[in-house]
1. Kindly check whether there is at least one residue in the range 200-210 that is touching a residue at least 24 places away in the same chain (Cβ under 8 Å) and either under 15 Å from the mean Cα position of the chain (by Cα) or over 30 Å from P106 (Cα atoms) (or both).
2. Among the residues of the range 138-162 satisfying the criterion of being part of a helix (DSSP H, G or I) and over 14 Å from the mean Cα position of the chain (by Cα), which is nearest to A62 (Cα to Cα)?
3. Within the range 185-202, is there a residue that is within 18 Å of V31 (Cα to Cα) and modelled with pLDDT of 95 or more?
4. Pull up the range 163-184, narrow it to residues that are part of a loop (DSSP other than H, G, I, E, B) and at pLDDT 95 or above, then point me to the one that is farthest from I135 (Cα to Cα).
5. Within the range 1-11, identify whether any single residue is modelled with pLDDT of 95 or more, touching a Pro at 6+ places or on another chain (Cβ under 9 Å) and under 26 Å from T188 (Cβ atoms), and answer yes or no.
Amino acid sequence: MNETIATILNRRSERCFSPESIPHEKLVTLVELGAAAPSPLNNQPWRFVVIEKRPVIEEIAAAVEAKAGSIADKIDRSARADYADYRRNAVFFNTAGALIVVLLKPMTSEAREHLWGVPGFFENERRARGDLLCIGAACQNILLGAESLGLSACMMLYPLIASEEVRALCAIEPPWEIASFIALGNRTGDRPKPPKRRALERIAKFIGEAE
Ligand SMILES: Cc1cc2nc3c(=O)[nH]c(=O)nc-3n(C[C@H](O)[C@H](O)[C@H](O)COP(=O)(O)O)c2cc1C
């Protein structure tokens with residue numbers, strides 16, 4: 001086990017934060033790590049809006065809570081317990097020391113258009129996913145960086161419910177889309193237990209394994 005493997009295995013989604021602010025340099029490092037991710041044709045279709053001002057983070061969390069509340073009545077009784085979980089995991093970041101809004105510029109077919117047009121060449125869904133895949137890699141780099149710097153971090157999609165409000169608060173213009181959020185903070189103490197992972201036999205097939 002080396003340090004990189006340990007960092008990957010120790011990373012957890014952490015949703016509790018102590019109140020001290022995060023040193024600005026650590027946030028700069030995390031953005032640099034995000035930007036170091038691989039991307040198709042090195043097109044780097046990402047931007048990172050780093051919110052360090054707690055009142056802005058609280059405002060975003062309040063917008064998410066208001067949106068979640070406004071649709072609560074429409075939730076079918078059978079789905080209410082799930083919805084309560086969703087609400088809890090959508091707004092916990094109101095105590096975060098920083099919030100990174102990760103933006104994605106959807107990949108168009110302009111790049112290498114002469115190739116995209118050839119019948120049989122990347123005609124299926126794989127063609128369109130490069131942008132999302134590399135955003136995922138960028139987010140993971142940030143999460144692993146946070147782990148190595150001793151910060152709590154959690155990637156989130158639930159706050160997307162208030163994407164219009166976040167766009168307005170952060171002046172996010174098209175073609176940029178909000179891909180995800182990463183809440184960050186200083187640790188409070190105990191770390192969450194690792195959630196169960198599926199057994200290797202269920203998720204992997206080794207072809208050519210020695211007899
Ligand atoms: C794309 C994505 C979206 C997620 N969205 C949320 C979210 O909105 N709220 C939340 O509390 N956790 C969110 N999570 C964290 C997952 O719940 C967490 O990764 C999973 O339970 C496994 O736990 P671990 O990260 O500690 O290994 C998200 C994770 C990913 C990768």
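The values are calculated or read from the model by the stated rules, or taken from the named source; none is laboratory data. This is a predicted model, so every value here is computed, not measured. Every residue, glycine as well, gets a Cβ built from its backbone with ideal geometry; the counts of neighbours run over all protein chains shown.
1. no
2. A162
3. The answer is yes; a qualifying residue exists.
4. Within the range 163-184, the match that is farthest from I135 (Cα to Cα) is A171.
5. Yes, some residue in the range 1-11 is modelled with pLDDT of 95 or more, touching a Pro at 6+ places or on another chain (Cβ under 9 Å) and under 26 Å from T188 (Cβ atoms).
Rundown of residues vs (1) away from the ligand (no atom under 16 Å from the Cβ); (2) closer than 18 Å to I57 by Cβ, yes/no style:
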residue: P174; (1), (2): yes, no
residue: F181; (1), (2): no, yes
residue: L184; (1), (2): no, yes
residue: G189; (1), (2): yes, no
residue: R198; (1), (2): no, no
residue: E201; (1), (2): yes, no
residue: G208; (1), (2): yes, no
